[in-house]
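We did not get these values from a lab; they are worked out from the coordinates using the rules stated. Computed from a predicted structure; not experimentally measured. Quick reminder, even Gly has a Cβ in these numbers, built from the backbone with ideal geometry, and neighbours come from all protein chains shown.
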Amino acid sequence: MIPAGYLAYQGEMSLVAVIAVGIVGSVAGALFNYYLAMHFGRSFLLRYGKYFFIQPQTLDKLEAFFQKHGELSTFNGRLIPGIRQLISLPAGLARMNLWRFSFYSALGAGIWVIVLVALGYLLGSNQELISKYLHTATLIALLSVVFITLFYVIRHKRREKILEE
């Protein structure tokens, strides 16, 4: 996405199109994994996942994370390097609502895509600056996850409290 941002900076690509295609591509990949898990199930993932670096322990951890954090884990997972490619699997196994899955996937992927495209656009061809600020962009994305998660938890607790009354 960084090179595409740079090309948008040079006027060779549309900035809006780059971001839109990046989000659509991310959601398409997420839906592929979602349907793979939903249609073929856990046994299929355990049998063939080893060819794609998915160990049984990894799948167990992903499922536990998804069980604990529910739908929000789909959003959060999109922002965490190494997890973003796999978080669709437990969502598919749990048969998460497809529209919510797509929404949270697009939202999480959108943040990441925008950050990476913005880096390419703003930093231009200076490779040293890109390397320097990629860490900062990752930190910003992770802080966004924390704040959005806190918002979600507070809102959820307030709703539960209202329903109890």
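Take the Cβ-Cβ distance between Q57 and V146 as r, set R0 to 30 Å, and report the resulting FRET efficiency rounded to the nearest 0.05. Present the calculation step by step, with values, prior to reporting the outcome.
Working: r = 26 Å, r/R0 = 0.86.
About 0.70, to the nearest 0.05.
Would you kindly state how much longer the chain becomes between K68 and L139 on full extension, computed as 0.36 nm times their sequence separation minus their alpha carbon distance, in nm to one decimal?
Working: separation 71, 0.36 × 71 = 25.56 nm, distance 2.35 nm.
Net length gain for the segment: 23.2 nm.
Select from the stretch 89-165 those chymotrypsin sites (Phe, Trp or Tyr not before Pro) which occupy a DSSP coil region and have at most 14 other Cβ atoms within 10 Å, ordered by residue number. If you can, show how the numbers build up before the last one.
Working: sites: W99, F101, F103, Y104, W112, Y121, Y133, F147, F151, Y152; in loops: none.
Counting only loop positions with at most 14 other Cβ atoms within 10 Å, none of the chymotrypsin sites (Phe, Trp or Tyr not before Pro) in the stretch 89-165 qualifies.
Using square roots of five times the C-alpha gyration tensor eigenvalues, list the equivalent-ellipsoid semi-axes of the stretch 78-165 in whole Å, biggest first. Could the numbers behind the result be given before it?
On the way: eigenvalues 199, 59, 21 Å².
They are 32, 17, 10 Å, listed from largest to smallest.
Note down the relative contact order for the stretch 27-165 as a percent, whole number, built from C-alpha pairs under 8 angstrom at least six residues apart. Show your work: numbers first, answer last.
On the way: 107 pairs, mean separation 35.9, N = 139.
Relative contact order comes out at 26 percent.
Helix-derived [θ] at 222 nm for the chain: sum -39500 (n - 2.57) over DSSP H runs of at least 4, divide by residue count, nearest 500? Could you put the intermediate results ahead of the total?
On the way: 7 runs with 133 residues, N = 165.
Theoretical 222 nm ellipticity from helices: -27500 deg cm²/dmol.
Can you work out the Karplus-derived ³J(HN,Hα) for every residue in the stretch 32-39? Use 6.51 cos²θ - 1.76 cosθ + 1.60 with θ = phi - 60°, whole Hz, and x for glycine or proline.
After applying 6.51 cos²θ - 1.76 cosθ + 1.60, I find 4, 5, 4, 5, 4, 5, 5, 7 Hz.
Convert each backbone phi in the stretch 64-73 into a coupling constant with the Karplus relation 6.51 cos²θ - 1.76 cosθ + 1.60 (shift: θ = phi - 60°), then list the ³J(HN,Hα) values in order as whole Hz, x for Gly and Pro.
Couplings: 5, 4, 5, 4, 6, 10, x, 4, 4, 5 Hz.
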